[in-house]
Amino acid sequence: QVQLVESGGGLVQAGGSLRLSCAASGSFFRINVMGWYRQSPGKQRELVAAITSAGSTNYADSVRGRFTISRDNARNTVYLQMNSLKPEDTAVYYCRLTVRGDYWGQGTQVTVSS
């Protein structure tokens, strides 16, 4: 059974930085896509960034240039470095693994104060 465990959320002031981590465990095909999504109250869950096992990346326009996604395939871990955070980045951030199906983490809260 595949499990995803996120960490690294918290409270930060606008302009600050946070680094999220998501570790995947279990048995799954090594060719996959891992990504970060976020959801704030009253809004739909949206893509923040995604990365393939080959290293190709995709970013939402709202975070491009401020956030960086990376992964360590040996550790089955994906990271999201978030810089220049804004209050509108406040949300619950979810990790997603796509490999012959979708798996989601439990989410980690990120709060950016103005």
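The values are calculated or read from the model by the stated rules, or taken from the named source; none is laboratory data. Owing to the predicted nature of the structure, the values given are computational and were not obtained by experimental measurement. Here Cβ is always computed from backbone atoms with ideal geometry, including for glycine, and neighbour counts include all displayed protein chains. Heads up: the accessible areas ignore ligands, DNA and RNA and are worked out on the full protein's heavy atoms, side chains in. Shrake-Rupley method; radii C 1.70, N 1.55, O 1.52, S 1.80 Å.
Arg19 passes all but one of (1) more than 10 Å from the chain's Cα centre (by Cα); (2) closer than 17 Å to Ser113 by Cα; (3) among the charged types (D, E, K, R); which number fails?
The one condition Arg19 does not meet is (1).
If we keep just the residues of the range 44-100 that are over 19 Å from Leu11 (Cβ atoms), modelled with pLDDT of 95 or more and among the basic types (Lys, Arg), which is surrounded by the fewest Cβ atoms within 10 Å (Cβ to Cβ)?
Applying the filter and picking the extreme gives Arg64.
Need pairs with beta-carbon distance below 7 Å; first residue acidic (Asp, Glu) and within the range 29-50, second surrounded by 14 or more Cβ atoms within 10 Å (Cβ to Cβ); sequence gap 6+ or separate chains.
Going by the 7 Å Cβ cut-off, the qualifying pairs are Glu46/Tyr37; Glu46/Arg38; Glu46/Ala60.
Return a yes/no flag: does the range 4-15 have any residue that is over 14 Å from the mean Cα position of the chain (by Cα) and free of Cβ contacts under 8 Å to residues at least 12 places away in the same chain.
Within the range 4-15, not a single residue is over 14 Å from the mean Cα position of the chain (by Cα) and free of Cβ contacts under 8 Å to residues at least 12 places away in the same chain.
If you go through the range 23-43 one residue at a time, how many are over 10 Å from Cys95 (Cα atoms), at pLDDT 90 or above and not small (Gly, Ala, Ser)?
Number satisfying all stated conditions: 5.
Which of the residues belonging to the range 33-43 are open to solvent by less than 50 Å² (accessible area, probe 1.4 Å) and polar (S, T, N, Q)?
Initial filter on the range 33-43 (open to solvent by less than 50 Å² (accessible area, probe 1.4 Å)): 34-38, 40.
Answer for the range 33-43, where residues must be open to solvent by less than 50 Å² (accessible area, probe 1.4 Å) and polar (S, T, N, Q): just Ser40.
Can you name every residue in the range 12-32 that is polar (S, T, N, Q), outside any loop (DSSP other than H, G, I, E, B) and open to solvent by 40 Å² or more (accessible area, probe 1.4 Å)?
Residues of the range 12-32 polar (S, T, N, Q): 13, 17, 21, 25, 27, 32.
Next, from what is left, pick out any that are outside any loop (DSSP other than H, G, I, E, B): 13, 21, 25.
Gln13, Ser25 - these are the residues of the range 12-32 that are polar (S, T, N, Q), outside any loop (DSSP other than H, G, I, E, B) and open to solvent by 40 Å² or more (accessible area, probe 1.4 Å).
Name the single residue that is most open to solvent (accessible area, probe 1.4 Å) among those in the range 101-114 being assigned to a strand (DSSP E or B) and either more than 13 Å from Ser21 (Cα to Cα) or free of Cβ contacts under 8 Å to residues at least 24 places away in the same chain (or both).
Quick first cut of the range 101-114, residues assigned to a strand (DSSP E or B) only: 102-104, 108-113.
Within this subset, residues satisfying the condition of being either more than 13 Å from Ser21 (Cα to Cα) or free of Cβ contacts under 8 Å to residues at least 24 places away in the same chain (or both) are 102-104, 111-113.
On the way: Asp102: 77, Tyr103: 80, Trp104: 100, Thr111: 48, Val112: 9, Ser113: 41 Å².
By that ranking, first place goes to Trp104.
Output the number of residues of the range 78-100 satisfying the condition of being in contact (Cβ under 8 Å) with a residue 60 or more places away in the chain and more than 15 Å from Ser7 (Cα to Cα).
Of the residues in that region, 9 qualify.
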